[in-house]
Amino acid sequence: QVQLVESGGELVQPGGSLTLSCEASRQIFTFNVVGWYRQAPGKQREFVGRITGSGRTHYVDSVKGRVTISGDTAKNTVYLQMNSLNPDDTGVYYCYAPVWPREYWGQGTQVTVSS
């Protein structure tokens, strides 16, 4: 059983920055990949980015250059740092980790970008 707990979501003004955390119940280097997804109101959940167990990252085009995913093995935590936020970044952000044969999701954390 794997537990993922997101935190850090809040109301932020356009142009602002925010760092979300995803704390795992086991050492993050044991995961092949940890991903971040988001779901805007009335829309489907979409992929934001991911980090592999070896530290490689990949991001969706819409956030490239504004988002950085990193991990802290001592804290079993994966971070999603977001800059230059705009209202389109509003949504519930989830972290995700596939551990065969299951997929694990956190409960999500709300990010609202508004003036």
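The values are calculated or read from the model by the stated rules, or taken from the named source; none is laboratory data. Given the structure is predicted, the values throughout are model-derived calculations rather than measurements. No Cβ is skipped: glycine too gets one built from the backbone with ideal geometry, and neighbour counts run over all protein chains shown. What goes into the accessible areas is simple: the full protein's heavy atoms, side chains included, and nothing from ligands, DNA or RNA. Shrake-Rupley method; radii C 1.70, N 1.55, O 1.52, S 1.80 Å.
Where strands (runs of 3 or more DSSP E) fall entirely within the range 15-88, those with at least 2 residues that are aliphatic (A, V, I, L, M) and out of contact with any helix residue (DSSP H, G or I) (no Cβ under 8 Å at 6 or more places or on another chain) are at 18-24, 67-72. All of (1) touching a Gly at 6+ places or on another chain (Cβ under 9 Å); (2) open to solvent by 40 Å² or more (accessible area, probe 1.4 Å); (3) of a type in the set (Phe, Trp, Tyr) hold for PHE31 with one exception: (2).
Has the range 81-99 got any residue that is closer than 19 Å to LEU4 by Cα, over 14 Å from the mean Cα position of the chain (by Cα) and free of Cβ contacts under 8 Å to residues at least 12 places away in the same chain? No. On the stretch given as the range 82-111, residues that are over 12 Å from GLY15 (Cα atoms) and either open to solvent by less than 70 Å² (accessible area, probe 1.4 Å) or among the small types (Gly, Ala, Ser) (or both) total 15. A residue that is open to solvent by 80 Å² or more (accessible area, probe 1.4 Å), closer than 24 Å to VAL2 by Cα, within 13 Å of the chain's Cα centre (by Cα) and not hydrophobic (A, V, I, L, M, F, W, C) cannot be found anywhere in the range 59-79.
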